[in-house]
Structure formats: C-alpha cells, structure tokens
Amino acid sequence: MDYYRRAAQGGDAIAVNNVANFYDKGLSVKADPVLAAERMEKALRAGATFSRDQTRDNSGNWSLPFRKALQRRLADKKLYSGPIDGGFRPQTQAAISIFGVR
C-alpha cells in the first residue's frame, strides 16, 4: 500500500486505482468504500482508462458499498440522477465518462 500511495502522490493514475482497490477490499487498511470511491474518481479524472474499464467490464469485482458510494459521488456532483443501487448500468457509465475518460 505504501508503494501505491507514493506512486499515486506522484500522479500515477493506475496507482490511484490500486489505492482505491485497497480501500474497497480492506487490504492493509480498514475498508472504506467512501474513500475508495474518492480515489477512483481521482483516477478517472487523471485519465485512467484502466479504471473506466474496471467500472464497466468488472464492476462486480468492486464491493456493493463502493459502487453505491461512487454513484453517490456522481449524484452529488450532479452528473448522475439514477438510483443509488450499485448497478453500473449505462446511466452510471455515462456519468463516469464525464470524469474525462473516453
């Protein structure tokens, strides 16, 4: 986790994605879906296509609390108006793409 944190602080978007994963899964840190969603947003805003692909193609690998937290972040930023149910359907994916990853 320390390695990923340092790389993330240096601007590595994949490292930010990995930090999000550690917080989502509770690896080396206490699980925190809200912090995981914050880190995922940061990775997406940094242009991490890998992160976008993970939310699209492997959303089931992320916990339901994380998926709901990310939807809440999107809704709070007025980017998403769908249900906060953790389902990463087309409306959620469209909101995620607004973060700058195409």
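A few comments on the model shown:
- Look at the dipole of the chain built from charges on Cβ: of Leu79, Ala69, Leu44, the Cα furthest out on the positive end belongs to Leu79.
- Ranking by accessible area, most exposed first, for Ser51, Ser97, Ser28 with a 1.4 Å probe: Ser28, Ser97, Ser51
- Just the protein heavy atoms count here, and of the accessible area of the chain at 1.4 Å, carbon and sulfur take up 50 percent.
- Accessible surface, per residue, of the chain when the full set of protein chains is kept, probe 1.4 Å, Å²: 52
- Principal axis dimensions, the chain - Cα atoms, whole angstrom, descending: 36, 26, 23
- Straight-distance crosslink candidates among aspartates and glutamates, where the alpha carbon sits under 14 Å from Lys77 and sequence neighbours closer than 8 are dropped: Glu38, Glu41
- Note on Lys78: lysines with a C-alpha under 20 Å away, same-chain residues under 8 apart excluded, are Lys42, Lys68.
- Rounded to the nearest 20 debye, the dipole size of the chain about its Cα centre is 200 debye, using +1 on the Cβ of Lys and Arg and -1 on the Cβ of Asp and Glu.
The values are calculated or read from the model by the stated rules, or taken from the named source; none is laboratory data. Note that the structure is predicted; figures quoted are calculated from it, not measured. In this analysis, Cβ positions are derived from the backbone assuming ideal geometry, glycine residues included, and neighbour counts consider all displayed protein chains. Areas reflect the complete protein model, heavy atoms only, side chains present, ligands, DNA and RNA absent. Shrake-Rupley method; radii C 1.70, N 1.55, O 1.52, S 1.80 Å.
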